[in-house]
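The values are calculated or read from the model by the stated rules, or taken from the named source; none is laboratory data. This is a predicted model, so every value here is computed, not measured. All Cβ positions, glycine included, derive from the backbone under ideal geometry; neighbour counts span all protein chains shown. Accessible surface is based on the protein model in full, side chains and every heavy atom, while ligands, DNA and RNA are left aside. Shrake-Rupley method; radii C 1.70, N 1.55, O 1.52, S 1.80 Å.
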Amino acid sequence: MSEVKSRILELRNLIIEHNHNYYDLDKNLISDFEYDNLINELIKLENQYPEFQDQNSPSRRVGGGLSDKFNSESHIFQMYSLDNTYSDTELETWFNRIVKLIQVDDFEFCCELKYDGASVNLLYEDGQLVRALTRGDGYQGDNITNNLKTINSIPLKLKNKFFPNKFEIRGEIIIPSDAFNSLNEKRKQIGLPLFMNPRNTASGSIKLLDSKEVARRPLECFLYSVVSNDISINNHSELLDSARNMGFNVPNYEKVVKGLDGVKKYIKYWDINRQNLPFEIDGIVIKVNSIKYQKKLGFTSKFPRWAISYKFKAQNVVTKLKSISFHVGRTGAITPVANLEPVLISGSTVKRASLHSFDQMNKLKLRVNDSIFVEKGGEIIPKITGIDNTNRGLEEDEIPFPVNCPECNTKLIKLESEANFFCTNTMNCRPQAIGKIQHFVSRKAMNIDGLGDETIKLLYDKHHLKDISDIYNLDYDMISKIEGHAEKSVENLKNGIEESKKKPFQKVLFGMGIRYVGESASKTLINQIKSIDELKKLDVEYLSSIDEIGDKTANSIVDFFKNDLNLDLVNRLISSGLNFTQVDLVNSSHSLSNLIFVISGVFENHSREELKSLIEKNGGKISSSISSKTNYLLAGKNIGPSKFNKANELGVPVINEVSLIDLIS
Ligand code: AMP
Ligand code: ZN
């Protein structure tokens, strides 16, 4: 495969993973800057090599999926993301493009703060709040109306009527810094884990299932834009004023300026003064003020052309290094984590920072008591960016990289191709064993509910769960006696484990956690080989000749099957009834003959194409629209409301992919 194509695929996977972490799990592992670099590199390559374009590339979507806890509904107007700039030059390029498009160069900008929270879209009809959605994927969002009704700054009924009877108003849910600190203070007192930062807490809070708990969180809603086709207001700034007069909470920091110099002044002022704001911002949003020009400029598939954000550079602070802990990951990789003298960066206390690898540590040659620079871009896990050479610790206090595994004492090895050292005791090194089980049950692998991280640790430490095969021989009586495991949750766990036996081979293979065999490699392999017996027999040469499988992955697969412990494990899993062949997709039958299916949504276990061919191989037919002749609607995530409602109206049963497999087998 060409290098370009493999880089494009790699970028797509990375971006999808970061989107999932950021939007769905509220975990932020890279800075916005790094994220934008990935996106920009992808867009550039896709433009340069149009043969690798893909409708579903993350470059075409606003990140963020939908959670299955809430009903998802369509926004009336798409919710766009904002293009980012980081420098004056990028701002100038943007400005020049606008001038070229509208043929005017002395127009106004409305500069606003970029509130750092979770975006929401409120719908008002006849002066009443009727619906509140998360941004979701930009087209559809989760319906969180009940949760947002608990926020006092969102008016349920409007004071005045300046806007049409029906309009959408967009805003950001945030937690003010003081309120965030007291929330954490209270949690500390009662022994609850502390929240990481206001942004993630705000976005996690609006997606809680219990509205009463949402009401206890100090959330606020800042509004920043109104969308409707029939508003007769000329400028964005006037829209903001009208919204204010109707009772919306529109912070008063915006400024209308002419020309780029005014914009730059505003940016400079807030870059310095943002420290004194009672809430966090991560940049500035610059909007063309005239609605007429906005309409003329329009949108790209992701962004408005008339607005852009200017992201502030990461904040850099100096603190002292106290020690370094060495963490052992699921694959045995050892990562150093720096323990710091606690320090405040953008409103939150930082005690730890990441050091990516042995190589980085080796380069820095850190000593206890070194003064080090720590950087936090937005709200990511902070990282060490350098040492203050004028203020170093003692030479004899240089922190060595361990020779043996800090958990199991096995001698560490360094693979040539890797930046990290590894512990090779894959089966019996505690964090590796636990990590493997956690990975196996995780959502993208076997998706077994009811085996949380803590339960896994507890069961592992009590020797009830040594490896993933023990999941299929659990003593449920014993589990029901563990605190917090009521009958119902044991029942859930049992069901989850039974269901997992129906998972396709691809998921099982991914779940086994063979190094480098991630989601996409598993999928690629499954397209080439039909069973684990086949896979076992393949050599490095054959494996690496498969498109998208590199040497590293090929070697790792061969090594895996060389180890008797792994072969034993596979045999135990086979006898527990897991899928190690691709039976469901290759067999054909007449079990679906005369049945008509409509497929809609995004599926977890199979691609849409696979499901289509599965139905057809078993005698079923596919139709694109629902009618009284349709026998089943096969529904995945993000299914459009119209299809769903139509199926309900006509009494067409709605099934998921697991039920489809049941129908066949
Ligand atoms: P991004 O999340 O980087 O795509 O940036 C776009 C998001 O910035 C929007 O979805 C809003 O949630 C958020 N945002 C915060 N403040 C503003 C503002 N004043 N105007 C527009 N968007 C804003
Ligand atoms: Zn170890």
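Over segment 430-575, the fraction of Cα-Cα pairs per 10 Å bin, rounded to whole percents and listed from the shortest bin up, is 11, 40, 31, 14, 4, 0.
Close amide H pairs (under 5 Å, H built 1.01 Å from N) link residue 315 with 376, 378, residues at least 5 positions away or on another chain. Element breakdown for segment 80-311 at a 1.4 angstrom probe: carbon and sulfur atoms account for 48% of the accessible area. Working from Cα pairs under 8 Å separated by at least six residues, relative contact order for segment 153-224 is 50 percent. Taking all protein chains together, 440, 303 sort by accessible area into 303, 440, largest first [probe 1.4 Å]. Rounded to the nearest percent, how much of the accessible area of segment 515-600 (1.4 Å probe, protein heavy atoms only) is carbon and sulfur? The nonpolar share, carbon plus sulfur, comes to 47 percent. Report summary: the helix-based calculation at 222 nm, which adds -39500 (n - 2.57) for every DSSP H run with n ≥ 4 and divides by the residues of the chain, gives -10500 deg cm²/dmol. Measuring against 24 Å, Cα to Cα, the residue pairs 411/436; 302/637; 159/292 contain 159/292 as the ones spanning a longer distance. Taking 21 Å as the straight-line reach from the Cα of residue 5, the lysines in range (excluding those fewer than 8 positions away in the same chain) are 44, 523, 552. Cross-link reach is defined here as a Cα-Cα straight distance under 13 Å, omitting same-chain residues fewer than 8 places apart; for residue 537 the aspartates and glutamates meeting it are 559. Sequence-distant contacts, meaning Cα pairs under 8 Å at least 6 residues apart, place the relative contact order of segment 316-422 at 27 percent. Taking 4.7 Å between C-beta atoms as the pairing limit, the chain has these partnerless cysteines: 110, 111, 221. Check cross-link reach from residue 161 to the aspartates and glutamates: straight Cα distance under 18 Å, and skip same-chain residues fewer than eight apart. The reachable aspartates and glutamates, counting only those whose Cα sits under 18 Å from residue 161, are 125, 126, 230, 238, 241. Summing charges over neighbours of residue 543, with a neighbour being any other residue whose Cβ is under 13 Å away from its Cβ, gives -4 when K and R count +1 and D and E count -1. Measuring nothing but how far apart in sequence close Cα pairs (under 8 Å, 6+ apart) lie, relative to its length, the chain scores a relative contact order of 10 percent. Please identify the trypsin sites (Lys or Arg not before Pro) of segment 566-633 that satisfy two criteria: DSSP loop assignment and at most 11 other Cβ atoms within 10 Å. Which are they? Sparse-neighbourhood loop trypsin sites (Lys or Arg not before Pro): 629. If exposed GluC sites (Glu not before Pro) are those in a DSSP loop with at most 11 other Cβ within 10 Å, what is the longest stretch of the chain that has none? For GluC sites (Glu not before Pro) (loop position, at most 11 other Cβ atoms within 10 Å), the longest site-free span of the chain is 1-415. Pairs from the table (149/612; 149/376; 114/166; 207/444; 457/507) lying more than 31 angstrom apart at Cα are 149/612; 149/376. Across segment 194-201, coupling constants 3J(HN,Hα) worked out from phi with the 6.51/-1.76/1.60 Karplus curve, θ = phi - 60°, read 7, 6, 6, 7, x, 4, 5, 5 Hz, and Gly and Pro carry x.
Heavy-atom accessible surface of the chain, averaged per residue, reaches 49 Å², computed with a 1.4 Å probe. Taking amide H as placed 1.01 Å from N in the peptide plane, residue 386 has its amide H under 5 Å from the amide H of 373, each at least 5 places away in sequence or on another chain.
Taking a sphere under 12 Å around the Cβ of residue 217 and counting the other residues whose Cβ falls inside, with K and R at +1 and D and E at -1, yields a net charge of +2.
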